[in-house]
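Notes to accompany the following structure.
The values are calculated or read from the model by the stated rules, or taken from the named source; none is laboratory data. It should be emphasised that the depicted structure is a prediction, and the values quoted were computed from it without experimental measurement. Note: ideal-geometry Cβ built from the backbone for every residue, glycine included; neighbour counts use all protein chains shown. These accessible areas exclude ligands, DNA and RNA; they are computed on the full protein's heavy atoms, side chains included. Shrake-Rupley method; radii C 1.70, N 1.55, O 1.52, S 1.80 Å.
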Amino acid sequence: MTVIKNILIALLFPAFMQAQNAMSFGFRQVNNVPILPLNQNNPFEFGWAGGLNAPQFQELDINNDNLLDLIVFDRTGDKLLTFRKNPGTFNYTYEPEWESLFPPIKNWLIIRDFNSDGKPDLFVSVGNGIGIYKNISPSGGLPEFELFTELLLSNYGNGDFNLYVGPTALPAIDDIDGDGDLDILTFYILGTCVEYHKNLSIETQGNTDTLIYALETSNWGNFTESDIDNSINLNDSCGGRSSTRHSSGSSFLLHDFDHDSDKDLFLGHISYPELLVLVNEPQSSVDKIISYPESYPDYSALSVPIFPGAFLVHADDDQLPDLVVAPNTDVNSLNTGALANVFISPDNDFDFTSAPTPFISDRILDFGRGAYPVFSDIDQDGDQDIIVGNFGIFIPNEDPVLDGNYIASLAYLENTGSATMPSYQVKTLDLGGLYSQEYRHLAPAAADLNGDSYPDLIVGDLQGNLIYLTQNPTNQTFTVSNNQIAASLTYATPTLKDLNNDNKPDLLVGGRSGRFQYFQNTGTLTNPQFTLATSNFDDLETIQEGISNFGYSCPAFINHNDSTFLFSGSESGRLFSWLVDPQGANSSITPLDSNLQFINVGIWTAPALADLNGDNFPEMVLGNRRGGLNLFIGDLPLSSQSNLDTSVEMLSAYPNPGNNFIQLEYPKDIFPKSVSLIDITGRTVFTSSLNNNLLHLNSSILSGIYFIQLTDKQNKSYFTKWVKLN
């Protein structure tokens, strides 16, 4: 293990220092630049939170203020977002720095306290089953989690096997029998019947510290799903019948909404828009679904196109849980605006009968599926505006069971602030009138192409065509030109940059393949012509092995300190960067990073860079598949020092990865004076004198990758890489 660790440090540390020496800037995420919606005067509360497509809502008191903070996990790209709960109804603050407290999660997340210690734990999707992270947070500290079980097993009568939950499903994890431990409902792997896996921890151990499951019944509730529509067959003994209907995904939520002391069921299915409300009326202590309550609201009040998921959160100030309903897939489902709605708990016969209210999703800037930003001073007022393309906004079919359509467009965000204090207003969601053409995937690049000093646009489409739009300077409108370019890269994502120093913008195009194409501008200053050329850019790619065979490269250039840098997003979400010496097709290209600062905003990342505040550091806006934007302020990274020693043998830290205690090892002839912890943006997050080789961190240090800097009494510095666990 030590050998492997040292090899990783030897490989990663020089690469990190090379990148920092070449790229003298870093990034930190913020949410404090206003964005005003179209025709509105109040900004989005969470404008830069990155959008939502298929959100799941859970709760956990992260900052120990006795308020349940909101954890939003989006299936699209497996992205987790964190919001601090403030006193008041629907009152939250976006806190992206909390996101690193959680382990990597895929497909679904359910937060429940399995061992009754008052610290909610994480139930997560693992393949076709369930894994658990135990909450080991110190008293009064930020959450910390450790893997408790990689795969939950259950006794099916003939031995212990994987407790099956499909990756697209959402199981119910609740105390069904009222004995104090957590049981599980999930659909049978090949049928339309609900399995009840009983937790036997109390019965066999007398406590909840362990998880011991056995299949109690393969027909909980005595009902089945219909094979032909979204109805329920009551009093159906199942009889081992099988169907493929549910295997693609169903969502469960147990809640006693009729207040009769048993668990009723909210049930959603991936093929239908309605969330079913099923009444449980136990007979001889056996749960049985009897009917849909006649006095409950119509199905349509609890429907979303498509695959509704149901979640309980405390959205207001009372102690009653409220119901949030949202689409649980980003395929053929609403992907922008008020896609999540909350039903506040009233004090009457049934819970959640109030009219729905948009929840969180309507307060985030969101362009549907995919977001491809580019900076440009469209109105030539001296500051940077933003043009954003997308894959498309989902338009449902009139028949909610049938597939809808995705229609792409360009949005224009005008900078109504200044060159040193930006503020944005959405001016139009259909710049250039491309919406009527029903494109899928539009990704813009901007530069003056016709010599009138006003930016024009080159826009890539799904088939690999590049659409040329010229600007009318009098009113910031754009007209499609007949000058079309075929890039041949599907999901074409262009950027414009003069790469051969002839004062004419050239084209670099990324796309689904993860590769790049270079087009030299062989036209004139007033009439561009782009010619495909073999270049050194052909050797670059953004494919991440083990994730897919595609890379979805999305290039963007930035100049800083007389150097040219190329950034690219990717399908995996990682940010790539290269140092470029612009010489046209013969440009020399030096790799800097394939996972810049370990920034994680989700998959299909699309960067745009510009100096927004006049400090000579570039800011970065990142689009993602969820259709939103994240903003990163440029900052000073770890600076190059002439007196540092990067030798791995000079300084080591154990355990690595570790938590709050670090044991440092260094040669006996080093006399330490101080030690600091530096994050990947170059910020010092912890510093202390060092009287021995044991370092104790406070619990506020977030999980992530750091560099430990030890400074000796001669002011010589030694560095080693260290990873803090959750």
Compute the separation of the alpha-carbon centres of the stretch 260-339 and the stretch 94-132 and state it in Å as a whole number.
22 Å
Too long at a 19 Å Cα-Cα cut-off: which of Lys106/Lys134; Lys198/Lys288; Lys668/Lys713; Lys668/Lys716; Lys673/Lys724?
Lys673/Lys724
Grab the other residues whose beta carbon is less than 15 angstrom from that of Leu434, score K and R as +1, D and E as -1, and report the net.
-3
Order these peptides, 376-383, 271-278, by their mean beta-carbon neighbour count within 10 angstrom, highest first.
271-278, 376-383
Out of every Cα-Cα pair in the stretch 68-216, what percent are more than 25 Å apart?
32 percent
Placed amide H near Gly573: partners under 5 Å, 5+ positions off or other chain
Trp604, Thr605
For the stretch 424-528 (alpha-carbon point model, no solvent) the Debye-based log₁₀ I(q)/I(0) at q = 0.13, 0.14, 0.21, 0.25 Å⁻¹ works out to -0.46, -0.53, -1.15, -1.44
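Send over a whole-number figure in Å² for the accessible area per residue of the chain, probe 1.4 Å.
Details: 28170 Å² over 726 residues.
I get 39 Å² per residue for this part.
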Report the extension gain between Ser418 and Gln40 in nm, rounded to one decimal, defined as 0.36 nm multiplied by the number of residues separating them, less their alpha carbon distance.
134.1 nm
Taking all pairs of distinct alpha-carbon atoms in the stretch 259-334, Kirkwood radius in angstrom
13.8 Å
Percentage of Cα-Cα pair distances in the stretch 380-484 greater than 16 Å, rounded to whole percent?
61 percent
Report for the stretch 277-406 the percent antiparallel among DSSP-assigned beta bridges with both residues inside it, nearest 5.
100 percent
Kindly rank 83-93, 504-514, 103-113 from highest to lowest mean number of other beta carbons found within 10 Å of each residue.
504-514, 103-113, 83-93
Can you give the helix-only mean residue ellipticity at 222 nm for the chain, where every DSSP H stretch with n ≥ 4 adds -39500 (n - 2.57) and the sum goes over all residues, rounded to the nearest 500 deg cm²/dmol?
-1000 deg cm²/dmol
If Lys and Arg each add +1 and Asp and Glu each add -1, what is the summed charge of the other residues whose beta carbon sits under 11 Å from the beta carbon of Ala315?
-4
Computed curve, the chain, Cα-only Debye sum without solvent term, log₁₀ I(q)/I(0) at 0.05, 0.06, 0.10 Å⁻¹, is -0.28, -0.40, -1.05
Using Cα pairs under 8 angstrom and six or more residues apart, how large is the relative contact order of the chain, in percent?
11 percent
Please report, as a whole percent, how much of the solvent-accessible surface of the stretch 287-419 comes from carbon and sulfur atoms (probe radius 1.4 Å).
51 percent
Over the chain, cysteine residues that find no other Cys C-beta under 4.7 Å are Cys554
Long-range amide H partners of His255, meaning residues 5 or more apart or on another chain whose placed amide H is closer than 5 Å, are Asp264, Leu265, Phe266
What nm value, rounded to one decimal, do you get for the distance between Asn475 and Leu429 when each label is placed 7 Å out toward the C-beta?
2.1 nm
Can you compute 3J(HN,Hα) from phi for each residue in the stretch 315-324, using the Karplus curve 6.51 cos²θ - 1.76 cosθ + 1.60 with θ = phi - 60°, rounded to whole Hz and x for Gly and Pro?
7, 10, 9, 8, 8, 8, x, 10, 9, 10
Going by average Cβ density within 10 Å per residue, which order do the peptides 597-609, 471-483 take, highest to lowest?
597-609, 471-483
What is the list of residues in the stretch 185-202 whose amide nitrogen lies under 14 Å from a point 7 angstrom out from the Cα of Ser237, following Cα to Cβ?
none
